[in-house]
Amino acid sequence: MAFEQELKIISRGAEEIIPLAELKDKLASAARIGRPLRIKYGIDPTGYDVHIGHLVPIRKMREFQDMGHTGVIIIGDFTAQIGDPTGRVESRPPLTFAEIKYNSEKYMEQLYTVLKPEKTEVRYQSEWFGKMSMVDVLKMMGKFTLAQFMAHDTFRNRYEQGLALSMHEIMYPILQAYDSVAVHSDVELGATEQKFNILCGRDMQRYFGMEQQIAVLSPILIGTDGVYKMGKSLNNYIAVFDPPNDKYGKVMSIPDELIMNYFCYATTTEADELEKIKAELASGTNPMILKKRLAREIVSLYHGQNAGMEAQVAFEKLFSHKEVPEDIPEFCTSESSYKVVKLLTDSGICTGTGEAKRLINGGGVSYEGEKISSIDAVVDIADGSVLRGGKRKFIKIKKL
């Protein structure tokens, strides 16, 4: 594959490439001398739930791997103890080493649903930072000025608002930058909000007399609510660990305005095909048709083609024909009556009372097909009765 074609693939879905001309040179050089490029992506294992928004740059790494290049995942076992301050108004609590190890293993398990293990190199920051002396750290800090960091939106805003800004947080971009030196990164991937940190990596490599890495920045995937970026705290995310039917249902719940966004950044649809889909939307094609295709493709990416089709059949059976799934969990009780809020939490449909009340107030709860409209509602328990919470969660009640 000529490097011009490689550049076209890399540019697809990328928000910004800095600098584009240097990427062209690196691709041409790699093809000429037969040395694969080293494509870096860093993760801070402060948790282990990965959603499809996290995987936008990871899919870009897979594209590089398919071209023969090497993906380098940096496990931030040092920076995880700081937490990326980008966009945050407060510091993160530190993690223990055991928590970091567990989270990183679970994180990689999910990344391997996209990446090729044989072309993936996993490195831990402790490999280099664990050997550094205080003199080394001070020299590294001396490469940057405070003025550079106070120009960073996150730092400047927190300072101007009188919010806490710890010195160790200012170290975060410096540590991430040195990672690029340690692994000899040619390209670093990340979301657009990581631009400052990734460009610090370019500066750090220059200070060490190395060829500078290229920044390939991906857009942030909007959550299923169509408003905020995808994230667990807003419950607007599609998790890698979600089962196929849940993934399918969540995609079907997105606003029509997000169809192209998800096709572009959450699937592997080719550029020419994306233009056809865009034209179909513009011509008045029913968005539901395209959304079903989108949901099927996303499920198929993680679970295979058969799972994608099966999820569509299950969805259509449930929502087009208003049927209850055959295989649903059971909840056993000896109670003759139950307050619905408590039934939702005890059965596991909701994780807490607050969520249960919100679901009822939003009109998302029914018992034996009858909508529950009051958070104080009490139902008589009958053997084999069905409680529904939200669009996809059902519980069959077994009377003891």
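Identify the residue in segment 370-393 that is open to solvent by 60 Å² or more (accessible area, probe 1.4 Å) and either touching a Lys or Arg at 6+ places or on another chain (Cβ under 8 Å) or assigned to a helix (DSSP H, G or I) (or both) and, among all such residues, is modelled with the lowest pLDDT.
ASP383
Can you list the helices (runs of 4 or more DSSP H) found entirely within segment 173-266 that contain at least 2 residues being within 24 Å of TYR302 (Cα to Cα)? It would help to see each step written out before you state the result.
On the way: elements: 195-207, 244-252, 259-266.
Helices (runs of 4 or more DSSP H) meeting the threshold: 244-252, 259-266.
State all residues of segment 146-161 that are of a type outside the set (Lys, Arg), open to solvent by less than 70 Å² (accessible area, probe 1.4 Å) and either part of a helix (DSSP H, G or I) or modelled with pLDDT of 80 or more (or both); if no residue qualifies, say none.
Passing the criteria: GLN148, PHE149, MET150, THR154, PHE155, ASN157.
Among the numbered criteria (1) within 15 Å of ILE18 (Cβ to Cβ); (2) out of contact with any strand residue (DSSP E or B) (no Cβ under 7 Å at 6 or more places or on another chain); (3) not aromatic (Phe, Trp, Tyr), which single criterion is violated by GLY231?
Unmet condition: (1).
Please work out which one of (1) open to solvent by less than 30 Å² (accessible area, probe 1.4 Å); (2) touching a Phe, Trp or Tyr at 6+ places or on another chain (Cβ under 6 Å) is the condition LEU234 fails and give its number.
It fails just one condition, (1).
Any idea how many residues of segment 341-351 are open to solvent by 20 Å² or more (accessible area, probe 1.4 Å), assigned to a loop (DSSP other than H, G, I, E, B) and either farther than 18 Å from LYS399 by Cβ or in contact with a helix residue (DSSP H, G or I) (Cβ under 6 Å, 6 or more places away or on another chain) (or both)?
The number of residues fulfilling the criteria is 1.
Got a sec? Which of GLY71, GLY53, GLY42 is assigned to a strand (DSSP E or B), buried (at least 22 other Cβ atoms within 10 Å of the Cβ), out of contact with any Cys (no Cβ under 8 Å at 6 or more places or on another chain) and modelled with pLDDT under 95?
Working: GLY71 fails: modelled with pLDDT under 95; GLY53 fails: assigned to a strand (DSSP E or B).
Of GLY71, GLY53, GLY42, the one residue that is assigned to a strand (DSSP E or B), buried (at least 22 other Cβ atoms within 10 Å of the Cβ), out of contact with any Cys (no Cβ under 8 Å at 6 or more places or on another chain) and modelled with pLDDT under 95 is GLY42.
Which one of these does ARG293 not meet: (1) part of a helix (DSSP H, G or I); (2) surrounded by fewer than 13 Cβ atoms within 10 Å (Cβ to Cβ); (3) of a type in the set (D, E, K, R)?
(2)
Tell me the residue from LYS143, LYS139 that is among the basic types (Lys, Arg), open to solvent by 60 Å² or more (accessible area, probe 1.4 Å), outside any helix (DSSP H, G or I) and over 27 Å from GLY53 (Cβ atoms), please. Quick ask: steps written out before the conclusion?
Details: LYS139 fails: outside any helix (DSSP H, G or I).
Only one candidate passes the filter, namely LYS143.
Out of all the residues in segment 352-369, which are open to solvent by 20 Å² or more (accessible area, probe 1.4 Å), under 12 Å from LEU387 (Cβ atoms) and without any contact (Cβ under 8 Å) to a residue 24 or more places away in the chain?
Once the filter is applied, which keeps residues that are open to solvent by 20 Å² or more (accessible area, probe 1.4 Å), under 12 Å from LEU387 (Cβ atoms) and without any contact (Cβ under 8 Å) to a residue 24 or more places away in the chain, segment 352-369 yields SER366, GLU368, GLY369.
Restricting attention to segment 76-96, does a residue exist that is modelled with pLDDT of 90 or more, at negative phi and open to solvent by less than 10 Å² (accessible area, probe 1.4 Å)? Talk me through it step by step, then tell me what you get.
As a first pass, look at segment 76-96 and keep what is modelled with pLDDT of 90 or more: none.
No, the conditions are met nowhere in segment 76-96.
Please go through segment 8-56 and pick out each residue that is more than 25 Å from the chain's Cα centre (by Cα) and of a type in the set (Lys, Arg). Don't jump to the end; show me each part of the working.
At the first step, the residues of segment 8-56 found to be more than 25 Å from the chain's Cα centre (by Cα) are 19-36.
Passing the criteria: LYS24, LYS26, ARG32, ARG35.
Across segment 104-136, which residue is nearest to GLY68 (Cα to Cα) among those that are surrounded by 14 or more Cβ atoms within 10 Å (Cβ to Cβ) and small (Gly, Ala, Ser)?
Among those that are surrounded by 14 or more Cβ atoms within 10 Å (Cβ to Cβ) and small (Gly, Ala, Ser), it is SER104.
Scan segment 356-365 for residues that are out of contact with any helix residue (DSSP H, G or I) (no Cβ under 8 Å at 6 or more places or on another chain) and outside any loop (DSSP other than H, G, I, E, B) and jot them down. Give the derivation first.
Pass one, segment 356-365, residues out of contact with any helix residue (DSSP H, G or I) (no Cβ under 8 Å at 6 or more places or on another chain): 358, 361-364.
Result: ARG358, ASN361.
PHE331 passes all but one of (1) assigned to a helix (DSSP H, G or I); (2) of a type outside the set (D, E, K, R); (3) modelled with pLDDT of 90 or more; which number fails?
For PHE331, the exception is condition (1).
The values are calculated or read from the model by the stated rules, or taken from the named source; none is laboratory data. Note that the structure is predicted; figures quoted are calculated from it, not measured. Every residue, glycine among them, receives a Cβ derived from its backbone with ideal geometry; neighbour counts consider all protein chains shown. To get the accessible areas, we keep the full protein, side chains included, count just its heavy atoms, and leave off ligands, DNA and RNA. Shrake-Rupley method; radii C 1.70, N 1.55, O 1.52, S 1.80 Å.
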